[in-house]
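K.L.:
I am attaching a structure below and will ask some questions about it afterwards.
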Amino acid sequence: MTNEKTKPAPVEPDDAKVAAAHHEAVVKVEREAGGAVGGAIVGAMLGSIAGPPGVVAGAAIGAAAGALAGVALDNEARSDEAATERLDDAIGINGGTLGAPNLKHPPSKT
């Protein structure tokens with residue numbers, strides 16, 4: 001017979017963290033894919049000047065350039081999110097100290 005007080009609590013993954021990580025991965029893929037598709041379209045249009053081989057080459061080069069642009073946009077977005085998180089922590093938005101009643105205020109002049 002086991003004592004309920006000594007029984008360890010079951011460990012379950014934090015669903016919110018898993019969902020956030022999944023969402024972040026999906027957004028990253030969407031940015032990269034969007035950049036690749038856009039680059040392929042522009043590359044194909046520019047390559048059409050050289051005929052069908054130009055369309056194929058332009059699409060391939062454009063897709064690669066677009067995917068790199070998507071990666072750069074993703075990195076910039078993550079950097080901005082991290083900076084916003086740090087600023088929110090600094091001013092008390094995330095820590096629950098925004099508008100806290102224990103802050104020292106100057107005395108009223110009225």
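The values are calculated or read from the model by the stated rules, or taken from the named source; none is laboratory data. Keep in mind it's a predicted model, so treat the numbers as computed, not measured. The accessibility values were calculated without ligands, DNA or RNA, using every heavy atom of the protein model including side chains. Shrake-Rupley method; radii C 1.70, N 1.55, O 1.52, S 1.80 Å.
K.L.:
With θ set to phi - 60° and the Karplus curve 6.51 cos²θ - 1.76 cosθ + 1.60, what are the ³J(HN,Hα) couplings of the stretch 24-39 in order, to the nearest whole Hz, using x for Gly and Pro?
P.N.:
4, 5, 5, 5, 4, 5, 5, 5, 5, 5, x, x, 5, 5, x, x
K.L.:
Still on this model: In whole angstrom, how long is each semi-axis of the equivalent ellipsoid of the stretch 26-83, when you take the square root of 5 times every eigenvalue of its Cα gyration tensor and sort them from largest down?
P.N.:
28, 8, 6
K.L.:
Hey, another quick one. Between N94 and residues 5 or more places away or on another chain, which pairs have amide H atoms under 5 Å apart, with H built 1.01 Å from N, and which residues are they?
P.N.:
Correct list: D89.
K.L.:
Considering only protein heavy atoms, what per residue accessible area in square angstrom results for the stretch 48-93 with a 1.4 angstrom probe?
P.N.:
Computed with neighbouring chains in place, this is 66 Å² per residue.
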